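The values are calculated or read from the model by the stated rules, or taken from the named source; none is laboratory data. Here the structure is a predicted model, which is why all the values come from computation and not from measurement. Positions of Cβ are generated from backbone atoms using ideal geometry, with glycine treated the same way; all protein chains shown enter the neighbour counts. Surface accessibility is based on the protein's heavy atoms, side chains included, excluding ligands, DNA and RNA. Shrake-Rupley method; radii C 1.70, N 1.55, O 1.52, S 1.80 Å.
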Amino acid sequence: MARIGIAFGGAALFCVLALQNAGGYRYGVQDQAFYIPAIARHLDPTLYPHDIGLIDAQDQLLAFDDLTAGLVNATGWSLPAIFLGAHVASLILMFAGAVGIGRVLYRSWWTVAGLAFALTLRHHITDTGVNTLEGYFHPRMLAFAVGITALLLFVRRRSWLSLAVAATACLFHPTTGLWFVIWLGVACVVAHPGARPALGGAAVAGVAAATGIVFGGPLEGQLVLMDQTWLGVLVSREYLFPNDWPWLTWVANLGYGVTIGAMYWYRRSTTGVAVQETALVVGCGVLLSIFIVSVPFVVAGVALAVQLQVARVFWMLDFFWTVYFVWLLVESPRRPRLELSSVQVRYAGVVLFAAGAIVRGGYVTWAEFPERDLIALRPSSSDWHDVMTWSSRTPPGTNLLVDPGHAWRYGSSSRAVARRDTYLEDKDAGMAIYSRPIAHRVSERLRDLGEFRTLTAARARTLADKYDLHYLITIHQVELPVAHRSGRFTVYSLGHR
């Protein structure tokens with residue numbers, strides 16, 4: 001019973017510190033500008049008639065949205081509740097997987113605790129568009145947590161099951177799951193020479209399936225070069241193009257491979273390693289090699305190479321690097337011991353990780369974002385939220401013209417919260433990665449809109465006529481009929497219905 005209590009307490013502490021370091025949990029923000037509308041459209045096909053092409057460009061590649069919509073229909077649970085549950089489940093899976101891996105690779109529970117604390121220290125994987133933790137639910141976080149569970153199964157010598165679990169991660173986020181499948185597939189080849197014929201057959205089947213997807217499935221037509229308009233829309237997504245990285249980014253990211261190799265060599269020469277550990281290190285090398293091979297194709301503008309976002313393999317390498325670094329700092333056999341009053345402090349490194357997680361989490365919670373609740377199931381009350389509530393009561397198919405940067409300026413996406421079509425959002429460029437027609441749509445709308453803050457009544461009417469827009473929402477005064485006001489926001493009627 002004591003162990004169960006400690007496990008639950010540890011998981012709860014991990015979740016709280018992870019939430020604090022990520023700035024709390026919020027609904028309807030960031031990439032949920034896509035995921036919520038995609039799920040909502042499965043639940044109500046009358047939604048987003050103007051934006052259906054934009055949403056489908058990415059939705060056709062995912063199973064997560066269909067699965068979540070099915071869960072809503074089957075259970076009656078609300079989407080905010082499901083997203084919060086999935087977010088907490090991701091954190092618990094990550095904690096459990098990391099603890100299990102630590103118990104295999106470390107000698108002490110103190111080192112395991114150090115790893116758990118280290119993983120709550122949210123940070124950005126340099127120039128990859130990925131954070132190790134998010135302040136909102138993202139399917140890739142759930143896929144990553146499932147991938148860590150698969151790693152745990154592998155180090156516990158349950159290799160075939162680990163591959164099956166890694167494959168399920170693809171249901172939540174295809175590319176995140178793909179990198180885990182490749183990582184563990186390579187590891188299985190290294191660890192189980194006798195199984196190589198079967199693994200080779202599985203690899204051939206996987207390549208055949210991938211070929212079918214590329215040439216006859218949702219990725220059909222993506223082995224093309226991106227044109228200048230397509231590339232122009234993606235210029236703000238610098239993480240997609242390693243050739244634009246500064247040299248420090250190259251040093252930082254390639255440094256994962258060098259330092260993992262060095263720490264592996266040190267572990268092998270001091271404490272010894274199991275074949276599973278060697279296999280995972282080889283898998284890290286293969287992931288790094290795949291990235292290096294992909295760079296010329298990304299530089300050339302091959303659409304599929306850009307869409308795969310191969311640089312995100314550094315997220316996996318960051319996790320494994322953290323596992324090794326915690327061991328190096330806490331229980332390296334050649335680490336100098338700190339003595340205070342003749343009492344040896346063997347695990348000072350654990351204290352450093354714990355203090356870092358607690359202090360940083362407290363700073364983010366109470367100094368950086370003091371206005372945020374630790375968990376917010378819905379957007380906080382504000383003038384913007386009132387306007388979104390009003391917009392949600394308009395007929396389905398209502399098309400809004402708002403500041404493209406409204407989601408980060410005011411806290412939530414109009415598509416996600418009001419569930420109404422929107423002329424343009426900043427996140428549209430992210431969805432344009434997967435479709436040339438959508439990239440051209442975004443480019444055209446950016447060009448037609450110009451500077452939103454200088455929008456005049458005449459230009460707003462011209463946009464309304466061309467794109468069937470119904471309301472303009474802005475904080476600026478415009479000579480148009482007023483439909484609604486909420487604080488500093490005014491909703492102007494554009495005369496279309």
* Structure fact -> Counted residues in the range 51-71 being crowded, with 18+ Cβ neighbours inside 10 Å and in contact with a helix residue (DSSP H, G or I) (Cβ under 6 Å, 6 or more places away or on another chain) come to 9
* To do: Could you tell me which numbered condition PRO45 fails, if it satisfies all but one of (1) under 19 Å from the mean Cα position of the chain (by Cα); (2) in a loop (DSSP other than H, G, I, E, B)?
  => (1)
* Output the number of the condition that HIS124 fails; it satisfies all remaining conditions of (1) at negative phi; (2) touching a helix residue (DSSP H, G or I) at 6+ places or on another chain (Cβ under 9 Å). => (2)
* Can you find even one residue in the range 124-137 that is over 12 Å from the mean Cα position of the chain (by Cα) and open to solvent by less than 30 Å² (accessible area, probe 1.4 Å)? -> no
* To do: Check the range 148-164 and report whether any residue there is open to solvent by 40 Å² or more (accessible area, probe 1.4 Å) and either of a type in the set (Val, Ile, Thr) or closer than 20 Å to ASP66 by Cα (or both).
  => no
* Would you call ARG26 charged (D, E, K, R) and surrounded by fewer than 22 Cβ atoms within 10 Å (Cβ to Cβ)? -> no
* **Pairs, first closer than 15 Å to VAL104 by Cα in the range 264-280, second surrounded by 13 or more Cβ atoms within 10 Å (Cβ to Cβ) and basic (Lys, Arg), C-beta under 9 Å, six or more apart** => THR271/ARG107; VAL273/ARG267; ALA274/ARG157; GLN276/ARG156; GLN276/ARG157; GLU277/ARG267; GLU277/ARG268; THR278/ARG268
* Asked: Do any helices (runs of 4 or more DSSP H) lying entirely in the range 360-453 carry at least 2 residues that are aromatic (Phe, Trp, Tyr) and closer than 21 Å to VAL491 by Cα, and which ones are they?
  -> 383-392, 406-410
* Keeping to the range 40-84, report how many residues are touching a residue at least 60 places away in the same chain (Cβ under 8 Å) and not charged (D, E, K, R). => 20
* **Residue among GLY200, GLY206, GLY194, GLY114 that alone is open to solvent by less than 10 Å² (accessible area, probe 1.4 Å) and either more than 23 Å from the chain's Cα centre (by Cα) or more than 28 Å from LEU17 (Cβ to Cβ) (or both)** => GLY114
* Can you spot a residue in the range 133-143 that is in contact (Cβ under 8 Å) with a residue 12 or more places away in the chain, in contact with a Cys (Cβ under 8 Å, 6 or more places away or on another chain), under 25 Å from ALA311 (Cα atoms) and not acidic (Asp, Glu)? -> yes
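Yes/no per residue for (1) at pLDDT below 85; (2) closer than 17 Å to PHE117 by Cβ; (3) surrounded by fewer than 18 Cβ atoms within 10 Å (Cβ to Cβ); (4) within 26 Å of the chain's Cα centre (by Cα):
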residue	(1), (2), (3), (4)
LEU338	yes, no, yes, no
GLN344	yes, no, yes, no
GLY349	yes, yes, no, no
ALA354	no, yes, no, yes
VAL359	no, yes, yes, yes
THR365	no, yes, no, yes
ASP373	no, no, yes, yes
ARG378	yes, no, yes, yes
SER381	yes, no, yes, no
* State whether one or more residues within the range 463-470 are open to solvent by 20 Å² or more (accessible area, probe 1.4 Å), among the aromatic types (Phe, Trp, Tyr) and over 30 Å from the mean Cα position of the chain (by Cα). => yes
* Asked: So is SER289 loosely packed, with under 14 Cβ neighbours inside 10 Å, polar (S, T, N, Q) and at pLDDT below 95 or not?
  -> no
